[in-house]
Structure formats: structure tokens, C-alpha cells
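*Asks:* Got a structure for you, written out below as C-alpha cells; questions coming shortly.
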Amino acid sequence: MTATLAHRQKMYRAYMEFFELAERRRRWSVFEDIPWEKVDEAPRDDDAALCAETFCGVEMYLPDYVSQGVNVLRSCFGQAWFATNWGYEESKHALTLRKWLIDSGHRTEEEFAAFEQAVLSSTWKAPFTTPRQLACYGAIQEQATFVIYRKQLEQAQARGDVVLAAIYGHIAKDEAAHAAFYRDVIALELEEDRDGTLSDLAHTFAHFRMPGVGLVPDYDARVGVMRSAGIDRGVFLQRVWMPTMKGVGITRADLLGARRRADAGIAAK
Ligand SMILES: [Fe+2]
Ligand SMILES: [Fe+2]
């Protein structure tokens with residue numbers, strides 16, 4: 001279905017608002033805004049390093065995320081241009097975590113190179129194939145990522161690790177902004193096609209998996225150590241799914257209603 005002119009204009013405005021805020025208030029520098037001179041002050045923490053390495057691994061599928069995303073989104077101005085800006089912001093996440101792992105002495109250049117090679121030996125495949133489903137997936141995934149990084153920020157602060165706290169603080173703000181943009185897109189899609197969008201949201205929620213699962217090397221072994229970094233189902237529902245529904249202005253009843261209408265439509269055919 002071709003989007004109406006009004007819809008395209010709203011999408012353009014949503015992206016420009018996002019981009020203006022990003023340019024005016026959220027930009028940060030890998031080089032200037034992290035107190036790298038204090039990187040040796042915090043004691044060695046192997047669990048924190050494993051978490052950082054795993055997140056870095058997930059961020060390193062960036063070429064797959066960007067190439068596949070942009071191809072699907074090419075004709076949707078707001079989402080396509082968001083994807084290009086998003087790629088720049090996400091690239092800083094991987095670069096900063098990589099720099100911390102090496103500068104702090106938790107990994108050598110050689111160890112990181114081996115990790116990078118292992119990460120890139122598999123390819124991320126987009127779990128959904130329409131722009132609207134990718135927006136639904138993005139809203140959930142970015143909010144989940146925000147919650148995970150926010151937790152890392154609190155843990156780094158509690159340990160007195162000012163460098164890692166600064167890193168996670170900047171990354172968490174970016175992830176929150178990404179999630180908010182996707183919620184804006186979904187709200188616009190709901191105005192265009194309420195039932196179709198509700199059905200896509202229900203579908204992506206039911207089939208949601210974090211992007212690193214099954215891809216980052218030794219993911220299952222990492223999860224054991226990273227238990228404190230992860231989010232269980234309760235936290236997922238409370239801090240990821242509920243704010244997403246609230247942010248786009250829908251309730252569980254709306255989703256169930258759309259599901260019932262879809263099932264009735266299928267049964268009637
Ligand atoms: Fe990120
Ligand atoms: Fe993000």
C-alpha cells in the first residue's frame with residue numbers, strides 16, 4: 001500500500017524533530033565526552049568486561065542492520081533517513097565499548113580481533129520484512145536495549161567506575177531516543193491503518209528475540225555470567241512492553257480486539 005501524502009509529510013516531520021533534538025541536545029563524542037584519562041582507576045572486573053564485550057558484539061552486526069534495514073525502508077523517507085543517522089549513532093556504541101575493553105586492559109588487540117572475526121562469521125537476518133513490522137520490532141528492541149544499558153550504568157556507578165558509567169550513560173540516552181522515534185512512527189501508522197498496525201505489534205511482540213541471541217559467539221555461556229545484566233520476563237513486560245504500548249497510546253484490550261478481528265476475518269474466508 002502506498003502511503004498518502006499526508007502520512008509521508010507527518011513521517012518527515014517526525015524524523016526532522018528527532019534529528020533536530022539529536023543534533024542540538026544529544027550528540028556526544030567518543031573522544032571528548034568519556035573521561036578516558038581515568039580508565040585505569042577502576043579495579044579489574046571480568047564480569048563487567050564480558051558484558052561490555054557481548055554488547056559490543058551485538059552492536060558489531062551494524063553492517064547487517066544498516067544494509068538490510070535501509071533496503072526495506074528505502075521508500076519511507078522518515079524511517080530510511082532515520083536508519084542512516086541511527087547507523088552513525090550505533091557505530092559509536094561499538095567503538096566506545098571496544099576502546100574501553102582494550103584501553104582498560106581487559107582485552108588485548110589480538111583477543112578483540114579474534115572476537116571480531118568470530119562475530120562477523122555469522123550474519124544477522126532481519127526478523128521482519130515490512131517497514132511497519134521493523135518499526136514495531138525497533139520500538140521493542142531499542143527499549144529493551146535501553147533498559148539493559150541503564151542497568152549497566154547503575155552497576156558501573158555503584159562500583160565507582162566513572163569511565164564505564166559515562167559510556168553507558170551516553171549509550172542509554174541514544175537507545176531511549178531510538179525507542180521514542182519508533183514509537184512515534186507506530187503512532188503515525190496507527191492513524192493510517194489501526195487494525196493492521198495493532199496486528200503487526202502483536203505479531204512482533206509474540207516473536208520478539210534480542211538480536212544477539214544465537215549470533216554472538218558463545219552466547220549461551222555468556223548469558224550465565226550476564227544474568228545480572230539481563231532482563232527477565234517480568235522486567236520485560238513492565239519496563240519494555242508496557243511503556244511501548246503506553247507510548248503509542250494503545251492497551252492490551254486494543255491488541256486482543258485486533259487479534260479477534262483478524263481471526264474472524266480468516267475464519268470468514
Ligand atoms: Fe546501540
Ligand atoms: Fe539503538
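The values are calculated or read from the model by the stated rules, or taken from the named source; none is laboratory data. Being a predicted model, the structure only gives us computed values, none of them experimental. When we count neighbours, we look across all protein chains shown, and the Cβ atoms used for this are built from the backbone with ideal geometry, even at glycine. Just so you know, the surface numbers come from the protein's heavy atoms only, side chains and all, with ligands and any DNA or RNA stripped out. Shrake-Rupley method; radii C 1.70, N 1.55, O 1.52, S 1.80 Å.
*Asks:* Is it possible to state the helix-based mean residue ellipticity at 222 nm for the chain, with each DSSP H run of 4+ residues giving -39500 (n - 2.57), the sum divided by total residues, to the nearest 500 deg cm²/dmol? What is it?
*Replies:* -23000 deg cm²/dmol
*Asks:* If I stretch the segment between Lys246 and Glu109 completely, what's the gain in nm (0.36 nm per residue apart, minus their alpha carbon distance), one decimal?
*Replies:* Gain in length upon complete extension: 44.9 nm.
*Asks:* Quick one: P(r) of region 23-63 from all Cα-Cα pairs, 5 Å bins, percents rounded to integers, in order of increasing distance.
*Replies:* 5, 16, 13, 21, 25, 13, 4, 1
*Asks:* Quick check: pseudo-label points 7 Å beyond the Cα along Cα→Cβ at Gln9 and Gln238, how many nm apart are they?
*Replies:* 4.4
*Asks:* A follow-up question, please. Report, to the nearest whole %, how much of the accessible area of region 117-269 belongs to carbon and sulfur atoms, 1.4 Å probe, protein only.
*Replies:* 54
*Asks:* If exposed GluC sites (Glu not before Pro) are those in a DSSP loop with at most 12 other Cβ within 10 Å, what is the longest stretch of the chain that has none?
*Replies:* 42-269
*Asks:* Quick one: the Cα spread of the chain along its three principal axes, in angstroms, biggest first?
*Replies:* 64, 38, 34
*Asks:* Continuing with this model, one more query. Among Gly230, Gly214, Gly57, determine the one that fluctuates most according to a GNM of the chain built with springs between C-alpha atoms less than 10 Å apart.
*Replies:* For the chain, modelled as a Gaussian network with Cα springs under 10 Å, the answer is Gly214.
*Asks:* Using the alpha carbon gyration tensor of region 107-199, what are the three equivalent-ellipsoid semi-axes (square root of 5 times each eigenvalue), largest first, in whole Å?
*Replies:* They are 32, 21, 8 Å, listed largest first.
*Asks:* Kindly state, as a whole number, the per residue volume in cubic angstrom of the convex hull around the alpha carbon atoms of region 166-255.
*Replies:* 119
*Asks:* Pairs Lys173/Lys246; Lys99/Lys246; Lys10/Lys151; Lys99/Lys125: which are spaced more than 31 Å apart, C-alpha to C-alpha?
*Replies:* Check vs 31 Å cut-off fails for Lys99/Lys246; Lys10/Lys151.
*Asks:* Moving on to the next point. Suppose a student asked you for the relative contact order of the chain, using Cα pairs under 8 Å spaced at least 6 residues apart; what percent would you report?
*Replies:* Here the relative contact order equals 25 percent.
*Asks:* Follow-up. Report, to one decimal in Å, the Kirkwood hydrodynamic radius for region 26-120 based on all distinct Cα pairs.
*Replies:* 14.8
*Asks:* Over region 177-269, give the accessible area per residue in Å² for a 1.4 Å probe, as an integer.
*Replies:* 56
*Asks:* Once label points are set 7 Å from the Cα along Cα→Cβ at both Val70 and Arg24, what is their separation, rounded to one decimal in nm?
*Replies:* So the label points at Val70 and Arg24 sit 2.8 nm apart.
*Asks:* Still on this structure, I have one more. With springs only between Cα atoms under 10 Å apart, run a GNM on the chain and tell me which of Tyr12, Tyr168, Tyr182 wobbles the most.
*Replies:* With Cα springs under 10 Å in the chain, the top fluctuation among Tyr12, Tyr168, Tyr182 is at Tyr12.
*Asks:* Simple spin-label model, 7 Å along Cα-to-Cβ: Ala158 to Met226 in nm?
*Replies:* 1.9
*Asks:* Restricting things to Cα coordinates, could you compute the convex hull volume per residue of region 54-101 in Å³?
*Replies:* Taking the convex hull of the Cα positions in region 54-101, it is 51 Å³ per residue.
*Asks:* Residues of region 15-107: accessible area per residue at 1.4 Å, in Å²?
*Replies:* 49
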